[in-house]
Structure formats: structure tokens, C-alpha cells
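A short worksheet on the structure shown next.
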Amino acid sequence: MPSFLQIEHISKSYGPKILFEDISFNVNEGDKIALIAPNGSGKTTLMRILSGKDHSDSGGKILFLKDIRISFLEQDYPFDPQNTIMEQVLSGSTRWTEHLDSGQLDEYRLRITRHLTEFGLRSGERLMGQLSGGEVKRVALVEMLASEPDFMILDEPTNHLDIEAIEYLEDQLGHSRRTLLMVTHDRYFLDRVCNTVMELDHGSIYTYKGDYENYLEKRQERIDNYNAVTDKVRNLLRRELEWMHATPCARTGKAKYRKENFYRLQERSEAVYRTGTVDMGEVAASSRLGRKVIDCKHLGFGFGSTPIVSDFNYSFQKGEKIGIVGPNGIGKSTFINILAGNIPEDGVMTGTVERGESLKTGLYRQEGMAFDEGQTVLETVGDTRLLGRFLFSHDMLNTRISKLSGGEKRRLYLLTILMRQPNLLILDEPTNDLDIVTMDVLEEYLKEYEGTLLMVSHDRHFLDRLADHLLVFTGEGRIKDYVGHFSEYREMEKMKSKKAASPKPAVSKTPRAARPARLSFKEKREMEALEREIAALTAEKEGLAVKMNGGTLGYQELEQASRRFGELGPLLDGKELRWLELSEKE
């Protein structure tokens, strides 16, 4: 496989803070690499160096394979607010379209329209200045996907996308043969798209083939091996220390060398590898919560003729962990603001929201950070113990807020909310801009949280681990109450969509009383056979996806696998539809 990107000996630091030092790695054709690291470790800086918007302190080399088409997706997409969506995508694609003839350009426009439709941007005539942050992100992705580059470099591609958009992007990248290097914190997305995890840790790069679980196992092995070597060094150091104390400091070359070696051993013996963890044991024990949390009775809210909530009735209970889901722009953030008592003045509310007397609300909002950028970390949160538990090391305490990364600011913002010990915790997209390490430990804490937890999120892993109950925004102010995990809900909705899209069977004219009340023996056998066939076909489809993404198949094998993969979709749809028909009859 040719090397699409070769990095040799690059470094970057800001003052005394070293982000990475003398790192080297390759990205080969067919690689789908997820780059992960704690916030502030230099992931985005590395991406900016690759795009030419920043530089390495130490020179080094950044070599791209000649004549390949490369596309960058940065977190901040530059656009003209006066452009329509179509104008913006075309202007950003000039380097791809300037040599196309009229027929090829029409085909390119069709690709753009198809991607816009799949991302829910049905009108390419809307002005960019009228779009939300999530919609701007979709436009940036459409520009990248439509241009069909050989090599995509993406910085947090799923940030600010709703679940439908994430799943569409997942499908496009996962089944593509294109080479990918991306920064991501979405663990489901990582597993379904990438075949390699690259970790930037303590200034060095480590590469692991396989999925996220394999990365966690191999990373722990690496840490255990490092610490085992440290233990051996300490044993050797004890013997050398005895020699230093027992032997006069002779000036022979041998003695001088041994003394110098002693000091090197002493330095290495102190290098115990500690993984970054957030210990929240005493950070945010929730205040006592009475029986009454929030009672919503016939709650309605809207802006003009646009309903956000319509006749919503629900009594939130102590200890509930509820996921609030639905497309971007449907009103989830407005809803949780109403629950928290922050009712928008430009809307009309009906019904009532009654709150318990002992309610103490902590609200983490997407746009809620309001720091004094000139203050230091310690001036913002004056408790060094809590800061240490939130991964703010001693040498960061005097760092000004303006110097923190986006993820570090989010972590500090979360700390300022949890330290108030709320008994109702409302989180609006808490996983945006947080690194995987912080998210894992945050999830562990929230699992043990004894108060009431409401969370708006598009992170499927986060929802599956925490929420056993969903409030689903379906449009026109309707909120569906679903008891169960998010993945179960999504599978149910997909099955319904498949059934709705399939041709309706002819309606039998047999009188209702004459229809059989249960499955016949033959139909029961058919249903059992269908279950076995669906399981086998699903396993075959998943196996093919792994092979196609693994970069090991030759052209002819890949073509055959791709053809079979395409055949399996309709085949599975038909069998699943028949199984549904039989299960309803049963």
C-alpha cells in the first residue's frame, strides 16, 4: 500500500507546555485512523499543522503522496454568510470543479443535492448566514463528500450533528474505500468507521490496529509494561544507592560514569505512568431531594405559530435518568430551559410547571460558558483538590482561561456546575468537545448520581450507558415517552421505516371473524426459519463490511464483496418485513 502521508520528527510546544515532541507516523492508502487524546494534548494543533495553517517547531517533514486529492474538515468552516448553500459548496469546491465539463458539473451538482437531502438540508437556496452551527457543519461535510477526495482529514466530524446525520455520515465513510485520518470522541462512530486507533499521549504517538475495545486492552498492556520497567529500575537504584553511600567518591572514569548513571536511574525511577482519570467521588454528591421534582401538566410552548411543546404531561421522579433526543432545531434546548425555570420571553407558554421546594438545579448548556478569559484556572475554581481530580495538574493552575483548549474549558465549566451539588442535573450536549477519557469517567460518575438526571445528547454510547428512559421529540410539539435504551429505540424506528417503505400487501376481503387468530404450524416453522436466516445474513453483511474496510482485499475481491453487500440489503429487508408480518399476526 502506498503511503498517503508521511510525518517525520515534528514537535510543538507553547512556552513550557510540550504538546508533542519528535513524533513520526505514516498514513497508508486504505487506513481509517481515529486520532484520540485528552483535551489540550494537541490534536487540533496537529491537524492545523497538516493543513498548513500552523508549523512544527523543529522542522521535520510532512510529505503527502503526489497527485492525490486531499480534503480537510476543520472545526471552524469558513463561509460567506451571503452565499446560498449551493453557492457556498461550489465556491469551496473550485479546485475540484474548475476542469469539469458541463455534463460533469451537472453530475457534481446532483451529488451535492443528494447529500444535502440526506443531511436534511432540502433547500440549497437558503443563505449561509441563516443556518445554525449544526447546519453549517453539514454544509462543510457535503462539500467534502461531494468532492470525493482520495484522502480525508477530519477534526471532530460528528460534533453538533444530530443522530440521523451521524448515521448517514457513518454509512458514507464506513463503506467508502477512501483513506481517513480523523479526530473523534464518538465511540460508536469510531468502531463503525475506523480500523486503527492512533493515540497522542504524553507527547508521543502510539498506534493500535483494531477497534476501541482492542485499543483499551493494548494501551493498558503498554502502561503495565512501562510501570514494570520502572519497578526494575527502582530495584537497581537501591543497589546503586548502597554503592554511592559505601564507596568514596573516587575520581576515576569508571566511578564518574557510575555516578552519572545513578542520577539517570534516579530520574527514570520517578517516571511512573499514571493514566488520566477524573475522581468525582466527593466532587458532586447531590443535595437532598424531596419527593417532588418537576410536574408538567398540559405544558405547551411555542414561538408564534411554531409549537415546541404541545400538551405535555409528565412527573419527573427522583433518581430518573432520562435521555432527551430528536433532530437539531426541534426545540430540545428550549424545553430543558423551561424545566430549569428559564422561560424564553419571546414565546407563549400554556399549562403549568411545578417544581419541588428542595429542588437545586444544575444546568450545563451548550452556550453556557461565561468565564473571565483573563482569570487563571485557580482564580476561577479556588479548590486545588477538585481541580486535580478534574485533570488540571499543578502546573496548569496559573494558566489563564484564554490559553485553555475548547475541551479544557468545557471540563472546567462542568466542574463549576457539579461542585454546587445539584439534585437535578440537566445536561445539554455534555459530550461535545470532551475527550474520551473525561467522557468515560463522567459516565461512571453519572451512573452513580443519586439525583434526577436529564440529558440532551446525540452521543449514542453516552445515551445507551446512562438513559433507560427517553423523551423523543418527533415534531409539531409532540414528545414521545419511550421506556428502554436508545439503540433499541433506533432499531425499532428503522424497522418501522422499512415496513412503511415496502409495498402494502393486498387487503384480504375475508371477514374479520373468519381470519385465523394465531399462526398456523407452517407459519410458525417459517418464522423460526426466518430468524435463523436473518441472523446468518446479518452476520455475513457485518463480516463483509469488516473485510471491505480492512484494506486487505484485492480489486477483484473487493468488487465481489461490494456486489454481495449490495444484494444483502434488499434480501434482509424482505425477510425482516415477512418476520414482522408474522410477528404481528402472532
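Remarks
- Rg/Rh for the stretch 401-475, where both radii come from Cα atoms and Rh is the Kirkwood radius: 0.97
- Accessible area per residue for the stretch 415-476 is 25 Å², calculated with a 1.4 Å probe on protein heavy atoms, without ligands, DNA or RNA.
- Element breakdown for the stretch 366-461 at a 1.4 angstrom probe: carbon and sulfur atoms account for 45% of the accessible area.
- Computed with a 1.4 Å probe over protein heavy atoms only, the accessible area of Ile7 comes to about 0 Å².
- When each of the peptides 27-36, 111-120 is scored by the mean number of other C-beta atoms lying within 10 Å of its residues, the order from highest to lowest reads 27-36, 111-120.
- Relative to the current alpha-carbon distance between Ser91 and Glu354, full extension at 0.36 nm per residue lengthens the span by 89.5 nm.
- R0 of 22 Å, Cβ-Cβ distance Ala370-Met419: FRET efficiency to nearest 0.05: 0.85
- In Å, descending, principal axis extents of the Cα set of the stretch 306-351: 33, 24, 19
- Distance distribution note for the stretch 69-114: the fraction of Cα pairs above 14 angstrom is 56%.
- R0 of 30 Å, Cβ-Cβ distance Glu533-Arg114: FRET efficiency to nearest 0.05: 0.40
- Peptides 363-373, 294-304, 418-428, 333-343 ranked from most to least packed, by the mean per-residue count of other Cβ atoms within 10 Å: 418-428, 333-343, 294-304, 363-373.
- Dividing the convex hull volume of the alpha carbon atoms of the stretch 68-207 by its residue count gives 123 Å³ per residue.
The values are calculated or read from the model by the stated rules, or taken from the named source; none is laboratory data. Values in this document were obtained by computation on a predicted structure and should not be read as measured data. Note: ideal-geometry Cβ built from the backbone for every residue, glycine included; neighbour counts use all protein chains shown. Calculation scope for accessible area: heavy atoms of the full protein, side chains included, ligands and nucleic acids excluded. Shrake-Rupley method; radii C 1.70, N 1.55, O 1.52, S 1.80 Å.
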